[in-house]
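Please treat every number below as a calculation from the coordinates, not as lab data. Everything numeric in this text was worked out from a predicted model, so none of it was measured. Note: ideal-geometry Cβ built from the backbone for every residue, glycine included; neighbour counts use all protein chains shown.
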Amino acid sequence: TSATIPLGMWDYRDKFKKGDNIFFAAFGGGFTWGAMWVKWAIDKK
């Protein structure tokens, strides 16, 4: 479900670099779906 997208971002936040393009897609029951494209803007410090 789409609720797993923020959880995945949290789990992999150390692997993302500033400027990375990240695409997420989620599918739910029936014909529901959602997607987003994110340009990562956080520097690791």
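What to note about this one:
- When we screen Ile22, Ile5, Ile42 for residues that are β-branched (Val, Ile, Thr) and in a loop (DSSP other than H, G, I, E, B), the only hit is Ile42.
Yes or no, residue by residue, for (1) among the acidic types (Asp, Glu); (2) under 9 Å from the mean Cα position of the chain (by Cα):
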{"site": "Ala3", "(1), (2)": "no, no"}
{"site": "Leu7", "(1), (2)": "no, yes"}
{"site": "Asp11", "(1), (2)": "yes, no"}
{"site": "Lys15", "(1), (2)": "no, no"}
{"site": "Asn21", "(1), (2)": "no, no"}
{"site": "Phe24", "(1), (2)": "no, yes"}
{"site": "Gly28", "(1), (2)": "no, no"}
{"site": "Met36", "(1), (2)": "no, yes"}
{"site": "Lys39", "(1), (2)": "no, no"}
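Residue-by-condition table, conditions (1) exposed (fewer than 10 other Cβ atoms within 10 Å of the Cβ); (2) without any contact (Cβ under 8 Å) to a residue 12 or more places away in the chain; (3) touching a strand residue (DSSP E or B) at 6+ places or on another chain (Cβ under 7 Å); (4) of a type outside the set (A, V, I, L, M):
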| site | (1), (2), (3), (4) |
| --- | --- |
| Trp10 | yes, yes, no, yes |
| Ile22 | no, no, yes, no |
| Thr32 | no, yes, no, yes |
| Lys39 | yes, no, yes, yes |
| Asp43 | yes, no, no, yes |
